[in-house]
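Participant: Quick one: the structure is below, questions incoming.
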């Protein structure tokens, strides 16, 4: 059986290579366990000066998300397998965020959901012209997890709120312009980058050496294509009520605003409200671990929710793209409906051990 993640350390570098090409390197429990174990060892290993994560050469990637089919199947039962996956994935996200050495993610291709969690919390993040970033979870009745509550509200203005509610995609240089990535590099230069990293001596100062390598290879980042909409994004996507966001978009009436409103109306109304609350609460969290505990509370319950079961059926299994959401409108989702996802789990709270 082929290993789904390859890990090794050589020349002061810890290498993580995603190797599940038939699923666009989507994460499963085994992959999260392998990555977390490696990070815990390398964080303490003085012979490892930095970490680089990429996907197997000659395959499409970077990482399309998590094992959604498994989550649905588990959610239709007792949910235990799904919750075990979330727990390990969120511990992995926290280990990346807290990693005490440079962590370089090569986001060369599809980077969605779980793939965002593998990359965006690291210190150095490379986008290429092939990078396709999105947090599309509201379209399947899930929520923008893997630390979305932390990083989305810390993007400029209301950019993160727009991305969370609509599942909008950022491509190529826009990923760096939004600061989801820290650098932009044409994909044809990736082999050169890898060669320079393999040959470099990081022992005297890994962050400085990596910064020097990247400064020689990466390209300047122009203003994002979303820049022309930034004022509208900041106005329309502010506030704590999804109904108000939708009303402002519809009142604006421009082609762009109308399209965003139409997009939001296709998403799970319950999940849109949960995601908005998640982003607002995440902005207030003092630590990343606090945010991940909040997201685990949501995930614990969301995986068994009717909208998640139905959303995965409509988008991924039957592919009819006609989910029957319940409730069917934002107005039908009460504050109490949303509140229950954020309630403490008692002895089942996420631990980071």
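Participant: Please work out which residue is nearest to residue 272 (Cα to Cα), limiting yourself to the range 222-234 and to residues that are in contact with a helix residue (DSSP H, G or I) (Cβ under 9 Å, 6 or more places away or on another chain) and surrounded by fewer than 16 Cβ atoms within 10 Å (Cβ to Cβ).
Facilitator: 234
Participant: Only one residue in 178, 206 is surrounded by 15 or more Cβ atoms within 10 Å (Cβ to Cβ), under 20 Å from the mean Cα position of the chain (by Cα) and at pLDDT 95 or above. Which one?
Facilitator: 178
Participant: Can you find, within the range 1-59, the residue that is surrounded by the fewest Cβ atoms within 10 Å (Cβ to Cβ) among those that are touching a residue at least 60 places away in the same chain (Cβ under 8 Å) and on the phi > 0 side of the Ramachandran plot?
Facilitator: This residue is 11.
Participant: Now, a different point. I need the helices (runs of 4 or more DSSP H) fully contained in the range 231-331, keeping only those with at least 3 residues that are over 21 Å from residue 87 (Cα atoms) and within 23 Å of the chain's Cα centre (by Cα).
Facilitator: 255-266, 269-284, 306-312
Participant: Being modelled with pLDDT of 95 or more and in a helix (DSSP H, G or I) is the filter here, so list the residues in the range 38-69 that pass it.
Facilitator: 38, 39, 40, 41, 42, 43, 44, listed by residue number.
Participant: Which of the residues spanning the range 162-201 are under 21 Å from residue 137 (Cβ atoms), out of contact with any helix residue (DSSP H, G or I) (no Cβ under 8 Å at 6 or more places or on another chain) and free of Cβ contacts under 8 Å to residues at least 60 places away in the same chain?
Facilitator: Scanning the range 162-201 gives 169, 171, 179.
Participant: Out of the range 125-145, which residues are touching a residue at least 40 places away in the same chain (Cβ under 8 Å), closer than 23 Å to residue 313 by Cα and surrounded by fewer than 24 Cβ atoms within 10 Å (Cβ to Cβ)?
Facilitator: Correct list: 139 only.
The values are calculated or read from the model by the stated rules, or taken from the named source; none is laboratory data. Because the structure is a prediction, the values reported are computed rather than measured. Methodologically, a virtual Cβ is constructed for each residue, glycine included, from the backbone with ideal geometry; neighbour enumeration extends over all protein chains shown.
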